[in-house]
1. Sort out which residues of segment B:104-123 are within 12 Å of another protein chain (Cβ to nearest Cβ), over 19 Å from A:Pro228 (Cα atoms) and in a helix (DSSP H, G or I), and write them in order of number.
2. State yes or no: is A:Gln271 in a loop (DSSP other than H, G, I, E, B) and either within 28 Å of B:Ala125 (Cβ to Cβ) or more than 13 Å from the chain's Cα centre (by Cα) (or both)?
3. Identify the residue in segment B:82-103 that is in contact (Cβ under 8 Å) with a residue 60 or more places away in the chain and part of a helix (DSSP H, G or I) and, among all such residues, is farthest from A:Gly275 (Cα to Cα).
4. Look through segment B:1-59, keep the residues that are away from chain A (no Cβ under 14 Å) and in a loop (DSSP other than H, G, I, E, B), and return whichever of them is modelled with the lowest pLDDT.
5. So A:Ala262 passes all but one of these: (1) surrounded by 24 or more Cβ atoms within 10 Å (Cβ to Cβ); (2) over 14 Å from the mean Cα position of the chain (by Cα). Which condition number does it fail?
6. Pick from A:Lys237, A:Lys254, A:Lys249: which is away from chain B (no Cβ under 14 Å) and out of contact with any Leu (no Cβ under 9 Å at 6 or more places or on another chain)?
7. Regarding segment A:123-139, can at least one residue be identified that is crowded, with 20+ Cβ neighbours inside 10 Å, within 16 Å of the chain's Cα centre (by Cα) and over 25 Å from A:Ile272 (Cα atoms)?
Amino acid sequence: MTETTRRQIMSAAATLGAAAAMASPSSAQDVAAARGGKQDPRTKYPKPPFTVQSQPWPGLASRMEPRPDHGETSYVGSGRLRGRKALITGGDSGMGRAAAIAFAREGADVAINYLPEEEPDAREVVDLIRRAGQKAAPIPGDIRSEAFCQQLVQQAVSALGGLDIVVCNAGRQQSVPSILDLTTEEFDRTMKTNLYAPFWIIKAAVPHLEPGSAIIGTTSEQAYDPSPDLYAYAQTKAATMNYIKSLAKQLGSKGIRVNGVAPGPIWTPLQISGGAQPGKVVTFGATAPLGRPGQPAELAGIYVRLAEDDGSYTTGNIYGAGGGQGQP
Amino acid sequence: MMRSAILAGATAIAVLASAAALAQQTGSRQTREYVQSAGQSDAFEKLEAETALTQSHDPQVQAFAHKMLQDHSRLSNALQQATAKAGLMPAPMDVGADQAPLLAALQSVKEPDFDRVYWKQQVLAHRSALTTTQQYVTNGDSPAVRQVAASALPIITAHLAMAERMMAKSGGS
């Protein structure tokens, strides 16, 4: 299938999906069956080269070319998270958005946190959550502040009437080829977003989490095989992979599971807002054996798996979707 | 007498060492990043070409690979001269971490797949190099390096066009 045909089909599907959703908000999802079958993973989604593009941090998914697929028209739920209440940071775009859509379609109420500049993307996600028949709580704010992180959890708990899934997914990634050019300010920003915020959020959330609850952290293949220009970001992903394991050991006796998701190169605003060099963006995903970057939609099912009750023995584990690059 | 000779020697070494350290930091971040990227890109192209000359029997692949070897050797020499003239650190001659997996993938494949993979990689690598070079030509702040980038631009553009034609012919997309 050529690139143009694929795009035409995807945009036709989007129109159909949107039309169906508008006609009958939740029944479209109840009636539609999961697709099943199999597709060629090499051609299922856009391949490089991509057009040269960049946006100021943090960037909007809605302005990327092509738009990332977060499962808007494809994810079909089956009640796997019925009655659950989830908080997702970075829920406006990328994996966080894919998780938010999937969680809602599986029957969970969802609170999403995002930066104020990401409001246009967040609004789309809130709309999708509500069309799935679930409660949506948008809570914008910068998680680099401990006070805000505490507030965030408080607000999520009161908006949703409880909390039993916490997804620490928001991340700061900036490509800096030389350590000599890495400022302390940038290093600090990366640490605060990727490590301090999860600490503050999880700490505030634990008192609210009953046995059977799940915590999920977004790590990365960078934790295992870091790129030379991601010195700051990659070490936070290694630390994430590690905190997931120690926290799982700590919280096992409380019946709270803690797991991680390690994506390979995924087509998200992180990459076009300074997270990757322009030359890399143009050929993004080329080094993966599948020959393309992943789309956020391809990770949604992992977040569902790690959150759902059926995954009750999985804790302290990292599930990957790396396109073949070998980690985890 | 001995002591002051040793001191003079030590000072000379210190001066040389700090000159080397300074050279690492001269030039804007943008220039240093471009030089690194261009150097690694040339190294990648030369290694891909050498791989193709060894692992492919297709006459068109061989002809293209010869040209890549020639052109990218010339380009990397020009870059080295420009950096020396501008007092910058020389461009690296290693394949960057971003492209190393591509090279490894190419080296592990035999004909007929080899030719198809080579063309696809050549299109991608030249697109990437074109993007980076275009940006430096537009925004770069070192006149010597910008001149080298400007003269590389039509060469890379021509390479890309050739590779795209060959990729289409070989049935790739």
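1. Within segment B:104-123, B:Ala105, B:Leu106, B:Arg116, B:Val117, B:Lys120, B:Gln121, B:Gln122, B:Val123 meet the criteria.
2. Against the criterion (in a loop (DSSP other than H, G, I, E, B) and either within 28 Å of B:Ala125 (Cβ to Cβ) or more than 13 Å from the chain's Cα centre (by Cα) (or both)), A:Gln271 does not qualify.
3. So, considering only residues that are in contact (Cβ under 8 Å) with a residue 60 or more places away in the chain and part of a helix (DSSP H, G or I), the one farthest from A:Gly275 (Cα to Cα) is B:Ala82.
4. Out of the qualifying residues, it is B:Met1.
5. Here A:Ala262 meets the rest and fails (2).
6. Within the list A:Lys237, A:Lys254, A:Lys249, the selection yields A:Lys249.
7. Yes, segment A:123-139 contains at least one residue that is crowded, with 20+ Cβ neighbours inside 10 Å, within 16 Å of the chain's Cα centre (by Cα) and over 25 Å from A:Ile272 (Cα atoms).
Yes/no per residue for (1) of a type in the set (A, V, I, L, M); (2) touching a Pro at 6+ places or on another chain (Cβ under 6 Å); (3) surrounded by fewer than 18 Cβ atoms within 10 Å (Cβ to Cβ):
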{"residue": "A:Thr73", "(1), (2), (3)": "no, no, no"}
{"residue": "A:Ala99", "(1), (2), (3)": "yes, no, no"}
{"residue": "A:Asp142", "(1), (2), (3)": "no, no, yes"}
{"residue": "A:Glu146", "(1), (2), (3)": "no, no, yes"}
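The values are calculated or read from the model by the stated rules, or taken from the named source; none is laboratory data. The structure presented is a predicted model; accordingly, all values stated were derived computationally and were not measured. Note that we place each Cβ from the backbone using ideal geometry, even for glycine, and neighbour counts take in every protein chain shown.
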